[in-house]
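K.L.:
Sharing a structure below in structure tokens format, with a few things to ask.
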Amino acid sequence: MLPGFLGITVFVLLPYLDILLRSFNLNEYNRTPDFENYKIVIANEAFRLAVKNTFYFTGISIPLMVVLSLIIAYGISSYLRNSWLMAGIVLPIMMPVSTLVLLWRTVFSEYGFLNRISGFAEGKGIDWINSKYAMAVLIFSFLWRNMGYAVILWIAGIKSVSVEILQAGKVDGANGFQRFFYIIIPNLKSYFLCIVMLGLVNSLKIYREIYLIAGEYPDEDIYMLQHLFNNWFRDLKVTYLSAGAVIELAFLLTAISMFYIIFKKE
Amino acid sequence: MKKKVICAFIFILILIMCYPVVFLLTGSFMGENELNEKIGILFNIGEKRYVTWSLLPDHPNVWSFIKILLDSPEFFVAFWNTIKIAIIALALQCAVNLPSAWGLAIYNFPGRKILLKLYLVLWILPFQILMLPQYIILDKLSLLDTIWAVVLPMVFSPQFVLILYYFFSKIPGSVFDAARLEGANEMSVFIHVGIPLCKPGFLAAGVLSIVECFNVIEQPILFLKTKELWPLSIYLPNARLEKIGENFVAAVINVIPVILLYLYGICCTDNEYIR
Amino acid sequence: MLKKILKTVSVILILAQIFGCSKKDEEKNITYYREEAVSLPDDIIMFHDMIEMPNGNISILADTKTEIGRIFELNSDTNSWEVKNEKWESLENSVPFDEKFLEEDSGFASVLYNALLAESEEDASSLRPGYFVINKDGVIEELTLDLSEGYESEEYNLFTLMENYNKQLIGADNAQLIYSFDMNGNIKYINKDIKTLNTEIVKMIEIEDLIYTVLDNGEVYCMEPGSGVMAEGNNSVIEYLQCEEEDYTSYSLYKDPAGGKLYKLTKEALYCYDLGKKAEEKLFDTRFYDLKNGNNFQMLVSKDGTVYLSYILSSGEIRMSEYTYDKNGIEVRKEPLTVYSLTENYVLEKLVDAFNVEHPDTIAEVTYGYTSDDGKTKEDAVQLLNTELLSGKGPDIIIMDGLSEESYYSENMLKDLNDIIDEGHMQKIYSNMLHPYSKQEGQYAIPLGFQIYGIIGKKEIVNVFKDTDAFLGMIEAENTDFVISDYNLSESANILYAQNMSKCISDKNVNKENLRELFGYFKRIYDISGNSFGENNKNDSLFEYYETSSMDTAVQWIYYDNLPFVVAPYFNKDSFFAAKYLCDKEGYAQEYVSENGDLVYADKMVVSVSGQSAKDNEISEFLEFILTDGQDIICQSLQMLPSNRDKLSGLLVDQNHQEPYALSEFGYGDNPDMISIYGIPLNQTDFENFEKKLGTAKKQGNTEINVKDIVLKGAGDYCLGDKSLEDAVGNVTNQMVLQFKE
């Protein structure tokens, strides 16, 4: 069985190794692999802006998502038994992006609900998407879409903590709060990693939404790495694209490794 | 008291989450005039006033439904294309990725950690970067402009493997040892013990994968040239007001299979959740 | 076990698909029919029908310039055409719309009777169709066919004969009713079934004593010819006749007189169905032959199996080819030359068609990035193009309109055109137009045409045209309604943009002051434009520049409404002529849009060659064609002027005819009087003066699609009141700055 299994992994890997190799190829000038491209890319102002924005976005939304969904998951698992209700939570992730965009426009544009509720006079509201609150709108959209998923995973995790330990905790006199912190959380480690990873991947996918709402050149604050890559591709600057991608990858790799190390150690 | 508050809070949360689907449904039943009135301003039509919406349409009509279901053959072709892609992708993923996840989780072989890290890394690469190399590879394999051009990259995406890996690794090893002691060989352990236990994980990964299939946009545009092969996600064009009613309906039809599948999945794993 | 099976099955599936795909490619490479052109009799303007004579010769029924209804027989020994009948004297003044052979020497004609005699409008409106049977002696008999069942008023209803069976004339009228008349014109029966199906009849054919009618909606209706009653047809025949195409202009059927074989021509291929063996066979693919460029086919298959096809090309030329079977097979043509354009471009299609006609050995094909009905966006199309190019697969020739040509060049994706084109041809093109596309390493693109913009109007206004502020001030003082109407709002915006945009960008920085000024100008013309169409404008952008009418139609409003000025592009010869007339004879003045003293032009149809293409010979053939004969097509197009100096001069100058003549007539509203717009061709001096200016003309700057779109959209937002001036300017600046940073 092992050889067959290895065969499968090789088949999976091939497309990807090829891609990796490719991206390195493209980074090299004709003969000597030099770092010229990297220098250009790092110096590029648009790149820096995009990196800053992406960092900002990921840095805020992922922790927010993890923590919020954990709280909600705990609440649901303790007080609700009906799993059908939970189906509702996952709904957001199933929506096609274009409809989602329309929905956001009804809420956030100058003529949208938010302005109405905030009592602005007609026609004088703020176009939230193009203002300095753009980032907030984006984070809201991301949370809204992905939280459902995280909640479900957390619930699965919480449920997997064996009942006996919890009973033991109760007996020992710990109250709900303490039970939560000292028993459940340590057991959720791998779920935590999974959710963070999922969140990371999905946060990079938010590009599609921004693109549909704001086009190729959105407000400065929400100009993400992927906008840059997309526009570089349009202008055929594939070498920059690859260099940028490798840099992004390197960052992510280090971040993930650090994560792993910190949390596996515990 | 505390419980009630929390329950209420959760209810509200769920309502907020569900709102878009309600939005979709009401929208699909509205006639064009009503849509113009309510959200026309987003398209620079009508006077400048606030967008309005109601929970139920004022004048419900099924005009948009009729137009799409009866009048647009392309819609059906696109719809079935999407279904085809989803089913084939899911089937292949089971065949290929389940064993991989199993192997990664259970067996300790040299290079395992590296492989894992590699999968993680590959998962994160956004499509913009992969686009070109994948195109070239597909071209060399002559798979461009066939359904496989969309299915294969999806099947071999690490997402499925990794989620299942997490679930498999949760299962305490003792269960497997017990099975092995009883004389089962590796294959039976996998089929009779592993698969049943991973149902929630399978549900999770499966739903994500199907959502992906229904939302895939860039790949078909690049890899599929003939329009007959295009899936539904491309058929939902950028929302333009003239076609917005149809857009809503198409979106509804896009969402419903996914929801149904998910509910079905919950049914199957219901016993696991409720304790 | 299960898993192993699953694994192997999936691997097999994948492999099978891979091999399946590659095999498909190999099948397409050989064809077994040889195509040869058949020269037609001179002077033929309309080809109606073909028939095979008992002696094996082919006869055709056609109209020439002077005579209608001539039967020509192709003498197989001398290979020349002989006229076989007397001309149809009594029909001399009629206009035929359909003619068919009944037998080898008798025919049936549907005409607009004595149409050529109609001298006044009343005569024309009372024209009636006439139906005539011409028998072997040349005697012409008129049949009165009662088509009243079809429509109320008869003159709009025309009968087309489709099958001649058993002394019955079977055909259909405009209402899709099927009639059967006997040879005296009496109705035998009328079949109304097709009318209820809400579709149109494509072709009718008699097979084995049943009439099969192929319909537009893909169905086939079957009928008893004797009684007109619906009948149950042969299912395999019906399946064969059904056509899934959307376009029936290439659909044609022929049944050989012996009754054994049924031939069907579709857009893709020629098929043969053997009625005896009930077997279908594909004879050849149309893509390998000249006939793929044609329409309105007539087909005949002679007893020895040679296929004759007549067709009309898009240029109007009528051709006929014969196809003989060659059992050795013929090597397929090489792959076609792909010419890519981002959006639909009819001039390009005409160019490619004309090229294909002149160079039958090389096939060129047009592909579009995105069209209005295929759901892709411009960005998707660009992405696809880039992916294809980067992976080595893209089109051979690229029309750069709408793309950012600079990036393709800087990434070395384009070939140096100096290597491919003769220097002689290059020199004919205005060098300042070539200049923006020439770098140290070579010439990477050539514009085939260009547009310039200008103003015609009262002298006071034209004199200040260069100073936008003063110009706008003058117009505001004029206080004339509709001096800028919605059709030329975008044109005016375009001109404002052309004259003022370059001040706003300097060296990758945006000059906000000047941008604010420019937006101020936009607002002023919007305010002047006396209409409220703006709010209901369904376009994304108020000022979105779309090509509207040119100067020769814009001046209508000077004639009609006495407008003090019009701004419009000059892109056909009539524009120049109309302008000259108004300036020389009516005291108006004219000015071209310029910037810092130099004329501003926008180029169109910028052609370049992809670096990956290996088809050097074909490409140089194509490029030479479009720079020489192809320029004639550019001249004919109403959307641009040719960049070839000689052709431009040929188009605009007519030294010998310097009197005014009416270019066109138009009427408006309830005034029935038509007003004529006059024009005078340029003389040599005029042209030389113009050329002097053209020689230093500068390409309109900042036409990179992104920048222009961003600015126009921002201006539109500001004018409509959606954004304040600060916001709009700020937004636009941000976007442009972002773009420059990249």
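K.L.:
Just for region B:229-242: of the residues that are more than 7 Å from every other protein chain (Cβ to nearest Cβ) and assigned to a helix (DSSP H, G or I), which one is modelled with the highest pLDDT?
P.N.:
First pass over region B:229-242, keeping only residues more than 7 Å from every other protein chain (Cβ to nearest Cβ): B:229-232, B:240-242.
Subset that is assigned to a helix (DSSP H, G or I): B:229, B:232, B:241-242.
On the way: B:Leu229: 78, B:Leu232: 74, B:Leu241: 47, B:Glu242: 54.
It comes out as B:Leu229.
K.L.:
Go through the residues of region C:682-701 one by one and say whether even a single one is in the same structural domain as C:Glu517 (by TED's automatic domain parsing), at pLDDT below 80, within 33 Å of the chain's Cα centre (by Cα) and more than 19 Å from C:Ile525 (Cβ to Cβ).
P.N.:
Yes, region C:682-701 contains at least one residue that is in the same structural domain as C:Glu517 (by TED's automatic domain parsing), at pLDDT below 80, within 33 Å of the chain's Cα centre (by Cα) and more than 19 Å from C:Ile525 (Cβ to Cβ).
K.L.:
Let me ask something else. What single numbered condition from (1) over 30 Å from C:Tyr497 (Cα atoms); (2) part of a loop (DSSP other than H, G, I, E, B); (3) within 29 Å of the chain's Cα centre (by Cα) fails to hold for C:Asn412?
P.N.:
Going through (1) over 30 Å from C:Tyr497 (Cα atoms); (2) part of a loop (DSSP other than H, G, I, E, B); (3) within 29 Å of the chain's Cα centre (by Cα) one by one, C:Asn412 breaks only (3).
K.L.:
Is it the case, given these coordinates, that A:Leu64 is buried (at least 21 other Cβ atoms within 10 Å of the Cβ), at pLDDT 75 or above, under 17 Å from A:Ala150 (Cα atoms) and more than 13 Å from chain C (Cβ to nearest Cβ)? Break it down stepwise before answering.
P.N.:
Working: buried (at least 21 other Cβ atoms within 10 Å of the Cβ): no; at pLDDT 75 or above: yes; under 17 Å from A:Ala150 (Cα atoms): yes; more than 13 Å from chain C (Cβ to nearest Cβ): yes.
Here the answer is no, as A:Leu64 does not meet what is asked.
Okay, residues lined up against (1) basic (Lys, Arg); (2) within 20 Å of the chain's Cα centre (by Cα); (3) more than 10 Å from chain C (Cβ to nearest Cβ):
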site: A:Val196; (1), (2), (3): no, yes, yes
site: A:Gly199; (1), (2), (3): no, yes, yes
site: A:Met224; (1), (2), (3): no, yes, yes
site: A:His227; (1), (2), (3): no, yes, no
site: A:Leu236; (1), (2), (3): no, no, no
site: A:Ser242; (1), (2), (3): no, no, yes
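K.L.:
A further question on this structure: So for region C:334-341 (the condition being touching a Ser or Thr at 6+ places or on another chain (Cβ under 7 Å) and either under 28 Å from C:Val220 (Cβ atoms) or surrounded by fewer than 17 Cβ atoms within 10 Å (Cβ to Cβ) (or both)), does at least one residue qualify?
P.N.:
Checked against the condition, which is being touching a Ser or Thr at 6+ places or on another chain (Cβ under 7 Å) and either under 28 Å from C:Val220 (Cβ atoms) or surrounded by fewer than 17 Cβ atoms within 10 Å (Cβ to Cβ) (or both), region C:334-341 yields no hits at all.
K.L.:
If C:Gly402 passes every condition in (1) over 23 Å from the mean Cα position of the chain (by Cα); (2) within 14 Å of chain A (Cβ to nearest Cβ) but one, which one does it miss?
P.N.:
(1)
K.L.:
Another question, if that's okay. Would you please list the contacts, defined by Cβ atoms under 7 Å and residues six or more apart or on different chains, that run from a residue in region C:594-616 that is farther than 16 Å from C:Glu365 by Cα to a residue that is assigned to a strand (DSSP E or B) and among the basic types (Lys, Arg)?
P.N.:
So the pair list comes out as C:Glu595/C:Lys698; C:Asp598/C:Lys698; C:Val600/C:Lys698; C:Tyr601/C:Lys699; C:Asp603/C:Lys699.
K.L.:
Yes or no: A:Ala87 farther than 20 Å from A:Leu200 by Cβ, modelled with pLDDT under 70 and crowded, with 17+ Cβ neighbours inside 10 Å?
P.N.:
Details: farther than 20 Å from A:Leu200 by Cβ: yes; modelled with pLDDT under 70: yes; crowded, with 17+ Cβ neighbours inside 10 Å: yes.
Here the answer is yes, as A:Ala87 does meet what is asked.
K.L.:
Taking C:Leu389 as meeting all but one of (1) away from chain A (no Cβ under 14 Å); (2) buried (at least 16 other Cβ atoms within 10 Å of the Cβ), write down the number of the exception.
P.N.:
Every listed condition holds for C:Leu389 apart from (1).
K.L.:
Now, a different point. Could you tell me whether C:Ser180 is at pLDDT below 80 and over 25 Å from C:Ile60 (Cβ atoms)?
P.N.:
On the way: at pLDDT below 80: no; over 25 Å from C:Ile60 (Cβ atoms): yes.
No; evaluated as a whole, the condition is false for this residue.
K.L.:
Which of the following residues is surrounded by 18 or more Cβ atoms within 10 Å (Cβ to Cβ), at pLDDT below 75 and in contact with a helix residue (DSSP H, G or I) (Cβ under 8 Å, 6 or more places away or on another chain): A:Leu225, A:Leu200, A:Leu188? Before you say what the answer is, go through the steps one by one.
P.N.:
On the way: A:Leu225 fails: at pLDDT below 75; A:Leu200 fails: at pLDDT below 75.
The conditions single out A:Leu188.
K.L.:
Just name the residue that is surrounded by the most Cβ atoms within 10 Å (Cβ to Cβ) out of those in region C:268-303 that are assigned to a loop (DSSP other than H, G, I, E, B) and touching a residue at least 40 places away in the same chain (Cβ under 8 Å).
P.N.:
The first filter runs over region C:268-303 and keeps only residues assigned to a loop (DSSP other than H, G, I, E, B), leaving C:268, C:275-278, C:289, C:302-303.
Keeping just the survivors that are touching a residue at least 40 places away in the same chain (Cβ under 8 Å) gives C:275, C:278, C:289, C:302-303.
Numbers: C:Leu275: 18, C:Lys278: 11, C:Tyr289: 21, C:Ser302: 17, C:Lys303: 10.
Going through the qualifying residues, I end up with C:Tyr289.
K.L.:
Applying the selection to region B:119-154, what residues are within 28 Å of B:Lys199 (Cβ to Cβ) and facing chain C (nearest Cβ under 9 Å)?
P.N.:
Applying the first criterion (within 28 Å of B:Lys199 (Cβ to Cβ)) to region B:119-154 yields B:119-120, B:122-124, B:150-154.
B:Leu152, the sole residue that qualifies.
K.L.:
C:Phe622 versus (1) closer than 21 Å to C:Ile495 by Cβ; (2) crowded, with 19+ Cβ neighbours inside 10 Å: which is the lone unmet condition?
P.N.:
(1) is the only condition that C:Phe622 fails.
Matching residues to (1) closer than 29 Å to A:Ile195 by Cα; (2) modelled with pLDDT of 70 or more; (3) within 13 Å of the chain's Cα centre (by Cα); (4) not assigned by TED's automatic domain parsing to the domain that holds B:Leu104:
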| residue | (1), (2), (3), (4) |
| --- | --- |
| B:Ala205 | yes, yes, yes, no |
| B:Cys213 | yes, yes, yes, no |
| B:Pro220 | yes, yes, no, no |
| B:Lys227 | no, yes, no, no |
| B:Ile244 | no, no, no, no |
| B:Val255 | yes, yes, yes, no |
| B:Leu260 | yes, yes, yes, no |
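K.L.:
Tally up the residues in region C:622-664 that are over 16 Å from C:Met433 (Cβ atoms) and either assigned to a loop (DSSP other than H, G, I, E, B) or among the charged types (D, E, K, R) (or both), please.
P.N.:
Residues flagged as over 16 Å from C:Met433 (Cβ atoms) and either assigned to a loop (DSSP other than H, G, I, E, B) or among the charged types (D, E, K, R) (or both) within region C:622-664 amount to 14.
The values are calculated or read from the model by the stated rules, or taken from the named source; none is laboratory data. Not measured: the values here are computed from a predicted model. So basically every Cβ, Gly included, is an ideal-geometry build from the backbone, and we count neighbours across all protein chains shown.
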